[in-house]
1. Based on what the data block shows, is Asn204 at pLDDT below 90 and in a helix (DSSP H, G or I)?
2. Could you grab me the full set of residues in region 135-154 that are outside any helix (DSSP H, G or I) and open to solvent by 60 Å² or more (accessible area, probe 1.4 Å)?
3. Does Asp115 satisfy the condition of being at pLDDT below 95, surrounded by fewer than 13 Cβ atoms within 10 Å (Cβ to Cβ) and not basic (Lys, Arg)?
4. Scanning for something in a strand (DSSP E or B) and buried (at least 19 other Cβ atoms within 10 Å of the Cβ), does region 271-282 turn up at least one residue?
5. Filter region 27-45 down to residues that are within 24 Å of Phe12 (Cα to Cα) and crowded, with 17+ Cβ neighbours inside 10 Å, then give me how many there are.
6. More than 12 Å from the chain's Cα centre (by Cα), surrounded by 16 or more Cβ atoms within 10 Å (Cβ to Cβ) and assigned to a helix (DSSP H, G or I): which single residue out of Glu173, Glu130 fits that description?
7. So, of the residues in region 73-97 that are part of a helix (DSSP H, G or I) and acidic (Asp, Glu), which turns out to be modelled with the lowest pLDDT?
8. Would you say Ile242 is in contact (Cβ under 8 Å) with a residue 12 or more places away in the chain and either within 27 Å of the chain's Cα centre (by Cα) or open to solvent by 20 Å² or more (accessible area, probe 1.4 Å) (or both)?
Amino acid sequence: MQIFIVMDNSIFSVSIILDERSTKSKNTHPIKFRIIVNRRSFHISTGYNIEKRHWLDVAQLVSTKCKALGNVTRVNNSLLNEKTRILDLLLDFQKEGILNRLSTVAIKERLLDKDSETMTLDLFATVIAEMEQSRRYGNARVYNTVSRSISNYMDGRDFPLKQVTFTWLKQYEAWYLSKGNSLNGLSVNMRTLRSLYNIAVKHNKIASKYYPFKDYPIRQEATRKRAISRDGLIRFLQFEPIIGWHKRAKVYFLLSYYLMGASFVDIAFLKIKNMINGRMEYKRQKTGKLHSIPISKPLKEILERYIKGKKENDFILEIVKSDDPKIQLLNVRSELKRYNKSLKEIGALCVIESLNSSYVVRHTYATNAKKIGVPTAIISEELGHTTEKMTQVYLDSFENDMVDKYHDMIINL
């Protein structure tokens, strides 16, 4: 059914048709959008070709019996979303007072101008590149993973961010969970997509009126705690590694722990110049927030093994081996992969089941802090109960001596 919109002396409509005037291979015909503006009509190809028997003319949709296009539901949703996009643009042209003045060729050119649209996967790529440039490698990896997932869902085709509606989110959710993925995995993907959308709104790449997350709840399940117990941590301290990689893994773990659960990427980029007046001062790669941590006795003993003969702009550890940001990223990823593998091996040797990744250090620091009575406002668990951003806001409101006092309690085993 074709609906004509009448607005301020303009009449226009958009319908989806099977153009039987043109025949492709295997006796198929192209699916097109037919646009009529003030009795002037033109067509825009969708890129899909099907047999006539698989076209539902009244519904303007592809029959579910069609096997040639793969996921028919997804194809139909894509067609309907694109139809809505075209109608929205025509309405915008009318509101701007230009619809009656444009030729059909000019209207078609504007409708096909993808540069005027914010494309979802393209925006992902831009944001990922910016994150890698600013060495926010952890965030970049998450965004890259989510981008690949959405690309798979869309059969590799980019699409306007406007198409991410409440309905689209529910359909993506159903598809993602049908693949056997977890609800928490979906939560990460949706929060990442929401963050991307917020970036687009902030930079005027899309109007806030299209924001689809207002009524969409992002759900997640409670996860099994991954912190190492105090007894397990003592067993780890007593562990005497023989293998070279186990030695390095233990050093990385302890550096992270003594630096208030610092992430691996943060310790990888520490330089001699970050050691200032008996403190380690650096900005977190992920948040950009300044950390100022006392160099405790056990931390100093580790650092002394690495700082001898180095200049202030040298890296403390031997992880980053280039000035090229891309190579630095590869250095960190490679070392982190081997580090995580070594932690699992040490965990098996020390009977510490939860010792399985670098993330467990931050979690362990926070959990042990809570167990000995450290106020949540000083340091909190990172288990979804409070966000890292909120934790940093709380920490900023305390003087160093109070934070240092509790830090000493946590690392004194």
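1. On the way: at pLDDT below 90: yes; in a helix (DSSP H, G or I): no.
No: the conditions fail for Asn204.
2. Matches in region 135-154: Arg135, Arg136.
3. It is true that Asp115 is at pLDDT below 95, surrounded by fewer than 13 Cβ atoms within 10 Å (Cβ to Cβ) and not basic (Lys, Arg).
4. Taking region 271-282 and keeping what is in a strand (DSSP E or B), we get 271, 275-276, 279-282.
Right, trim to buried (at least 19 other Cβ atoms within 10 Å of the Cβ) and you get 280, 282.
Yes, that holds for at least one residue.
5. 6
6. Glu173
7. Filtering region 73-97 for residues that are part of a helix (DSSP H, G or I) and acidic (Asp, Glu), the one modelled with the lowest pLDDT comes out as Asp92.
8. For Ile242, the condition - in contact (Cβ under 8 Å) with a residue 12 or more places away in the chain and either within 27 Å of the chain's Cα centre (by Cα) or open to solvent by 20 Å² or more (accessible area, probe 1.4 Å) (or both) - is not met.
The values are calculated or read from the model by the stated rules, or taken from the named source; none is laboratory data. Everything numeric here is computed off the predicted structure, so don't read it as measured data. Glycine also receives a Cβ, built like all others from the backbone with ideal geometry; neighbour counts cover every protein chain displayed. Note: areas computed on protein heavy atoms with side chains; ligands, DNA, RNA excluded. Shrake-Rupley method; radii C 1.70, N 1.55, O 1.52, S 1.80 Å.
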